[in-house]
1. Quick check: at a probe of 1.4 Å, how many percent of the accessible area of the chain sits on carbon and sulfur atoms?
2. Compute the angle between helix 64-73 and the longest alpha-carbon principal axis of the chain, please, reported from 0 to 90 degrees and rounded to the nearest 10.
3. Any idea how far apart CYS161 and THR30 come out in nm if each label point goes 7 Å out from Cα toward Cβ?
4. So for the pair GLU69, ASN145, with labels modelled 7 Å out along Cα→Cβ, what separation do we get in nm?
5. Please give the net charge around LYS153, taking every other residue with its beta carbon less than 14 angstrom from that of LYS153, where Lys and Arg add +1 and Asp and Glu add -1.
6. Pull up all non-local amide H partners of ASP50: gap of 5 or more, or a different chain, and H-to-H distance under 5 Å with H placed in the peptide plane.
7. Projecting each Cα onto the charge dipole of region 26-112 (Lys/Arg +1, Asp/Glu -1 at the beta carbon, about the Cα centre), which of THR105, VAL74, ASN31 comes out farthest on the positive side?
8. Using helices alone, what [θ] at 222 nm do you get for the chain, with -39,500 (n - 2.57) per DSSP H run of 4 or more residues, divided over all residues and rounded to the nearest 500?
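The values are calculated or read from the model by the stated rules, or taken from the named source; none is laboratory data. Everything numeric here is computed off the predicted structure, so don't read it as measured data. Reconstructed Cβ throughout: ideal geometry from the backbone, glycine too, with neighbour counts over all protein chains shown. Just so you know, the surface numbers come from the protein's heavy atoms only, side chains and all, with ligands and any DNA or RNA stripped out. Shrake-Rupley method; radii C 1.70, N 1.55, O 1.52, S 1.80 Å.
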Amino acid sequence: CHVSIGSWGSWGQAKSTRTWTGQTPKGTLTNLAVQAKSGYITVNGADVEDFNVAAEITAYAPTEEQAAELAEQVEVVCKPNGDTLEIEAQYPKPSFNGGVTVNYTITAPRQTSLKCNSSYGSLHFANVDASVAGQTSSGAVEAYNIRGSVDLKSSYGSIICSDANGPA
């Protein structure tokens, strides 16, 4: 756990960061759905049999103690629902002026269809042999080497799609 005060992006608040990692066997899962309120989502397709998830959790608060406590309250949930692995972070709304950012880096089986949404954060997709849908309200969206349909949206940010073969 790393705690610092007054670093760039902390708005003059204390910051506490921790990393969570998890692994879910592919089994019959063919889809991945990731929801992020604030934070980026990166999904890389690979020749693997499991979903490997790393989440960098950063909490901001008026004091170091409050930031560390808030960061510890964040729970990353990876839940199979039918043929879809759903990933999201759950945490209480702080009773003080503070916030949470969760950045996801995921390695998934290459043939997994993706549906990822972030309210405030960028989306990055690479090496996927299935459909990719990504939407963010604020942030860039990038997709490279996609072998399936592509549906990318950003209200405030650039969209880059390169080396994609499939219906748009």
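1. 48 percent
2. That helix lies at roughly 40 degrees to the long axis.
3. 2.2 nm
4. Inter-label distance under the simple model: 4.6 nm.
5. My count for the surroundings of LYS153 gives -1.
6. So ASP50 has HN proximity to LYS26.
7. Sorting the options by dipole projection puts first ASN31.
8. -1500 deg cm²/dmol
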